[in-house]
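See below for the structure under consideration.
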Amino acid sequence: QFFVFCHGLLQLSQLLVSGYLKSSISTIERRYGLSSQTSGLLASFNEVGNTLLIVFVSYFGSRVHRPRFIGCGAILVSLAGFLMSLPHFITGPYKYDQSVASVFSNTTDLCQPGVPGLQGNLSDASCTPSAVRENHEVLLVMFIAQALLGIGGVPIQPFGISYIDDFASERNSPLYLGILFSVTIIGPGVGFMLGSAMLRFYVDIDKVTGDEVQLTNKDPRWVGAWWLGFLVAASLVALSAVPYFFFPKEMPKEVGEVYIYGYFPVVLLRNLRHPVYLLVVLAQVNLSAMVAGLATFMGKFLERQFSLTASLANMIIGAVNIPGAMVGIVVGGAILKRFQMSLRQCSAMCILGMFLCLLVAFPLLFLGCPTQKVVGVTYSESSEFGHHALECNLQCNCPEKAYNPICGSNAIEYISPCSAGCRVVNINTDNNSVLNYTNCSCISENGLEGFAKPGTCGTGCSHLFLPFVVLSCLAGILASTSHTPSFMLILRSIQPEDKSFAVGIQFMLLRVLAWMPGPVLYGSAIDTTCILWEKKCDKKAACRYYDNNLFRQR
C-alpha cells in the first residue's frame, strides 16, 4: 500500500510537469516568438523519447530491479523539469515595445512629427547575431528537456503497474490500479491550476523591480512567470523519487498468476489481424489525437476567442474540463459494472456516447465572435472616413514593427499609439502604469480628436463564454463515458495470455498516431488562421492577431 501511495504521488508530479507545459504554451510562444506549429511539436516531443524505448522496457520488465529503475526515471524527469526552466535564466529580460518615454528609455512609439531620428526601429535593436543564437539555444534546451522527460517517464508507468499487479492480491489489484488511473487524470488538471497560479506573476519577477513593470496581466504583451511552475513540479518529482531506492526487487507474493509472454512477432500479428482489436484501437487513436490537440491549444483558444487572461483560461480547463472528463470515465465504468454489459452492448455504449458528444459539440462551431476591428489588420478606416484616415499618421514617422496595442474611444484597436497619431501619454505616477493616450489624430469623435486606453479592445464575446464552457464540458463528459467500455472491448476480445502485450501495442499506436502528431497538426491548423505575424529579424515569430472565426472553425 505504501508503494501504491508513492507511485500515485510520483505519477501525479510527473504529469504535473507535462500538464504544466501545456498550460504555459501560449506564454512560451509569446516570450520566445514561436509559431503554434513549433510549440505543438515541442509539446509532443516528449513522446519521441518515450516511444523509442517503451517496447524494450516492457520486454525486459520482469528481469530488472523495477523500483530502482522507476527511481532513476524519476530523477531524469526531474532534471528535465529543471532544464525546461533554464532558458529563463540564460536569456536577458523580456523586451516589449513601450510607448513610455520616462526614466527607462528615450525611444517611444508616440506620434512625434518631424523627429525621424528618435524612433529608431524598436524591435531591430534586438536583432544582433547573438540574439538569433540565443533563440536557437532556447529551443534546443527545451527540445532536449522534452526528450529527457519522455525517456525518464518510460519505466514509471509500465514498471509500476506490473510491480503492483505482481505483488498485490487478485482482489485488491483492480482497486490499486483504479486509484493510479484516476491520479493520471487529475495530474494534468493540477498542472493547469498550477499554470493559472504562476502566470499571474510577471515573467521577470526575479530580474526587475515591481515599479519597472508597466504591463498588467490583461495586456496582450503580458508574459507570466512560466518558468516558476517547472521549478515547483521538478522539485516535487525529485522528492517522490527518493523512496523508490529503498523498495525491494521482490515482495512477498499473495496470490500467483502467470503471464506467458508470447513469441514477439507472432503475437503482434495475431493481435493486429484481430478486427475488433484493430478497430477499437483506431477509434481510440482518432479520439486521442483530438484530445492531445485540444489539451495543448484549448487555453490559447479561450484566450483569443473570449479575451481571457492566460491565468483564467487555465483555471477553467483545470477546474471544469478535466474534472468533467473524470466524471465521464467514472460514470462509464459504473454503468458497465451495474449492467454487466456484453461486448456488443459495450460497443453500442461507445457509439452512443460519441454520437451525443457530437450533438452537444456542434453548436461550439458558432459560439464565438469575429476578431476585433484593428486598423491596418482586419479593418481599413478609409472605408469609413475617406482619404483623411490614411494621412492622419503620415507625419508621425511610426516605427514599422511597434506592437503596443491601444483601444480608441471609438472602440477600434490600433497596433500602437503612434499608428493612431497619439501625441501625449498620461502616466499614473503611483505605479508608473499608462492611464491613457490623448491628442490622437486618427481617432475622431464628433470631429474632435479622441483618446485611447492601453491594451486590446477585446472581442466583446464574454456573454458567450459561459455557454461555451458548459457545452464543451458536457461534450467532454459524454465522450469520456466511452473510455472504459472501449478498454473492455480490447481486454475481452483477445487471448488472455496476450493481454499485457496487446495493451503495450495499443499505447504505442496511440503515441505514434495520436499523441505525437496531434498537437503538431492542431498547431499548423491554428497557424493558417494568423493574420498578423510578429517579425523577429525578418523571420516569422509569434502570431499577433488571428482571424477568430477561422481559428474557431478549423
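The values are calculated or read from the model by the stated rules, or taken from the named source; none is laboratory data. Quantities reported herein were computed from a predicted structural model and do not represent experimental measurements. A quick note on method: Cβ atoms are made from the backbone with ideal geometry, for glycine too, and the neighbour counts reach across all protein chains shown. Surface accessibility is based on the protein's heavy atoms, side chains included, excluding ligands, DNA and RNA. Shrake-Rupley method; radii C 1.70, N 1.55, O 1.52, S 1.80 Å.
The table that follows gives values for the structure above.
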quantity	calculated
Probe 1.4 Å, all protein chains present, accessible-area order of Lys218, Lys453, Lys300, largest first	Lys218, Lys453, Lys300
Accessible-area ranking of Asp165, Asp204, largest first, probe 1.4 Å	Asp165, Asp204
Against the rule of thumb 2.2 N^0.38 Å, how large the Cα Rg of the stretch 452-554 comes out	1.65
Helix 129-153 vs. the chain, principal-axis angle (Cα, 0 to 90°, nearest 10)	20 degrees
Accessible surface of the stretch 385-454, 1.4 Å probe, proportion on carbon and sulfur as whole %	52 percent
Charge dipole magnitude, Cβ of K and R +1, D and E -1 - the chain, Cα centre, debye nearest 20	1560 debye
Built amide H within the under 5 Å cut-off of Tyr379, gap 5+	Val374
Probe 1.4 Å - accessible area at Thr484, Å² to nearest ten	30 Å²
Computed [θ] at 222 nm, deg cm²/dmol, the chain (DSSP H ≥ 4; -39,500 (n - 2.57); rounded to nearest 500)	-18000 deg cm²/dmol
Hull volume in cubic angstrom per residue (convex hull over the Cα atoms of the stretch 385-454)	89 Å³
The stretch 316-469 - Kirkwood radius from inverse mean 1/r over Cα pairs (Å)	19.9 Å
Val141 paired with Leu364, simple spin-label distance in nm, labels 7 Å along Cα-to-beta-carbon	3.5 nm
Built amide H within the under 5 Å cut-off of Tyr546, gap 5+	Ile531
Largest-first principal axis extents of the Cα set of the chain (Å)	87, 47, 39
Set of lysines near Lys453 by C-alpha distance (under 23 Å), chain-local residues within fewer than 8 positions excluded	Lys95, Lys218, Lys373, Lys401
Exposure of Lys535 as accessible area (Å², to 10), given a probe of 1.4 Å and all protein chains	100 Å²
FRET efficiency, 1/(1 + (r/R0)^6) with R0 45 Å, evaluated for Phe339 and Met251 via beta carbons	0.80
Dipole axis of the chain (+1 Lys, Arg; -1 Asp, Glu on Cβ), positive-most option in Gly195, Ala238, Val280	Val280
